[in-house]
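**Q** I have a structure here, written as structure tokens, and I will follow up with some questions on it.
The numbers here are math on the coordinates, done by the rules we state, and not lab data. Computed from a predicted model, the values in this text were never measured in an experiment. Note: ideal-geometry Cβ built from the backbone for every residue, glycine included; neighbour counts use all protein chains shown.
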Amino acid sequence: MAKKKKLTPAEIAAQAQAQAQAAEDARVQRAFEQGTNTLRDLISPAAIEIHSDYFRLGTKYGRTLYIYGYPRSLYTGWISPLVNIDEVIDISMYIYPVESAVVMKNLKTKVTQLEASMNLNMEKGRVRDPELEAAINDAEELRDQLQVGAERFFRFGLYVTLWADSLDELKFVQQKIETIFGQQMIFSKVAASQQEQGMNSVMPQCTDQLQIRRNMNTGAISTSFPFTSADLTQDKGILYGVNMHNNGLVIFDRFSLENANMVVFAKSGAGKSFTVKLEALRSMMVGAEILIIDPENEYQKLCDAVGGAYVRLSLNSDVRINPFDLPKVVDSEDANDALRANLVTLHGLFRLMLGGAQTGANGQAMPALTANEEADLDQALIDTYARAGITSDPLTHQSTPPTILNLYDTLLHMEGTGPALAQRLRKYTTGTFAGIFSQQSNVDINNQMVVFNIRDLEDELRPVAMYIVLSHIWNVVRAEQKKRLLIVDEAWQLMQFEDSANFLFSLAKRARKYYLGLTTITQDVEDFMSSKMGRAIVANSSMQLLLKQSASAVDVLSDVFKLTEEEKRRLANFPVGQGLFFAGPNHVHIQIIASETEESLITTNPNAK
């Protein structure tokens, strides 16, 4: 009978290792045959490649930085530029509370060491060290705060993982991050030879594998609160859209700014009317009244849906607006000045009607009024009011106001240039444009939304109509102060003429006093901004919305709003409904979002359901 060979220890170990390897191979084979049948298998990347200063996860490159140095003091929201940066990054914070007794003991030791160093320097006659003195003061102050329970102590770790599609892009993003930190005297480093640990530390699994921490007290740690990025989010106001920098909500009350005026610039089809109608609808829900001048019949559907008043101005309609109406003001100062202010407004209107808005037989604009014509017109206006029993005395302002027919009669019987002016005015009294502005007003705008439609007016009459409607609205606004929004669509039509542009600017300048927010909308940016009054209106508007622009308009707006190269590039390529939203000193990249119900009420897309 053959004897069994006795195995040596080495052979036994090798055999055990072979059996273990075979078992492992069998397990891997079973797993391979089983396929991806767990969630972890489905979401895991195909491969991960770790290098000393970066890693590659699937097709993306990543790099983890850690913060190792901070300035002596941090201001609230110092992390906001990092959260708001327009790059793909992940941020992780680790905060470890430390027992105050332990900290007190360590601080006592530290203060003793620092004071010993300072005494030694004094004995050796060295120059005083301000940094050493500041460290002693800070430590003593912290001891006092910890002793009375006003502060607590923490260990704080901050790690950032950057993502990009290439190494060059990754380097560019890293430079941007380091610049943001460097401006605040915060120092960062790449987690060299620890990229895997850095990646794991930033992932949402709460494993701090880098363990690079800094001591901070309660005050310092509170400045690191990460949710300070919604620069345009307030406790009250309406929802304008989504902040594309951080997916936060842009909730804002325009009446909280120094004035509630807003300008909207966009090319046709970019979503400007959609945005303004959405703002109007939501503003009504918080109690604001909405007044709209609609040159293209875009607001009727919304107006009908909310039960508003839709005023259609045309030569065939029964609507009448008398430009001689005086505001029924309560304020004594405004009452004393009401007639004078309306005379100034009427001067601008008749310059528009008799001058630049008129065209002769050759198609050229007729000349503006001469000095003699201006003087005669002024006297005629005063006399016309006087014949109706209205003087500078506020008590007479309740009388029935005169009309253009009365002015025509006054001019016709004057000496000098009066009869000639009357002949030029006849078109509005007994001629082609008679009726609509030559009779007593019958418009009632006592409604939460009132839309004045001027689409059916002749092109020659549109600027005049917009001027008169604005004047009428202004009289109503001055009579009773309420929270109101006045929307002027296609405002470039008013900017073509000096007097109407001046009147619109005066509204923008004085609106705040009467709790009015003026919204001017235009797609003809070059014409609007080439006007001195157009730029003045922008300067007097605390809110601006820039949607997609034509290439020629981008340069104009870039000069006015001091846009960066990146913002200029985006402005010409924004999809519909996206743009730059300015509110005071803050601005964000915004996406305008409406609910399905809201969209059905305000869209002008013929293909929309």
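**Q** Taking every pair of alpha-carbon atoms in the chain, give the share separated by more than 39 Å as a whole percent.
**A** For the chain, the share of Cα pairs beyond 39 Å comes to 53 percent.
**Q** For the range 568-581, just list the computed ³J(HN,Hα) in residue order, Karplus coefficients 6.51, -1.76 and 1.60, θ = phi - 60°, integers in Hz, with x standing in for Gly and Pro.
**A** The phi angles translate into 4, 5, 5, 4, 8, 10, 4, x, 4, x, 10, x, 9, 10 Hz.
**Q** Would you calculate the separation in nanometres between label points at Gln234 and Tyr515, each defined as 7 Å from the Cα along the Cα-to-beta-carbon direction?
**A** Taking the two extended label points, one gets 1.5 nm.
**Q** Exposed loop sites here are GluC sites (Glu not before Pro) in DSSP loop states with at most 10 other C-beta atoms within 10 Å. What is the longest stretch of the chain lacking them?
**A** The longest uninterrupted stretch comes out as 416-609.
**Q** I've got another one for you. Between Ser530 and Ser399, what FRET efficiency follows from the Cβ-Cβ distance if R0 is 60 Å, with the result rounded to 0.05?
**A** Calculated transfer efficiency: 0.90.
**Q** Dividing the Cα convex hull volume of the range 48-222 by residue count, how many Å³ per residue is that?
**A** 140 Å³
**Q** Oh, and also: Evaluate the distance, in nm, between pseudo-label points positioned 7 Å from the Cα of Lys562 and of Arg128 along their respective Cα→Cβ axes.
**A** Calculated label separation equals 4.0 nm.
**Q** Further question on the same structure: As a test of the formula, what do you get for the chain when each DSSP H run with n ≥ 4 contributes -39,500 (n - 2.57) and the sum is divided by the residue count, at 222 nm and rounded to the nearest 500 deg cm²/dmol?
**A** For the chain, the value works out to -13000 deg cm²/dmol.
**Q** In addition: Once you put a point 7 Å from the Cα of Met93 and another 7 Å from the Cα of Ala309, both along the Cβ direction, what distance in nm separates them?
**A** Reported label-point gap for Met93 and Ala309 is 5.3 nm.
**Q** Across bins of 10 angstrom width beginning at 0, how are the C-alpha pair distances of the range 186-319 distributed, in whole percent?
**A** Result returned by the calculation: 8, 24, 24, 14, 15, 9, 4, 2, 0.
**Q** A further question on this structure: How much length is gained if the chain between His347 and Asp444 is pulled fully straight, taking 0.36 nm per residue apart and subtracting their Cα-Cα distance, in nm to one decimal?
**A** Additional length available on full extension: 32.4 nm.
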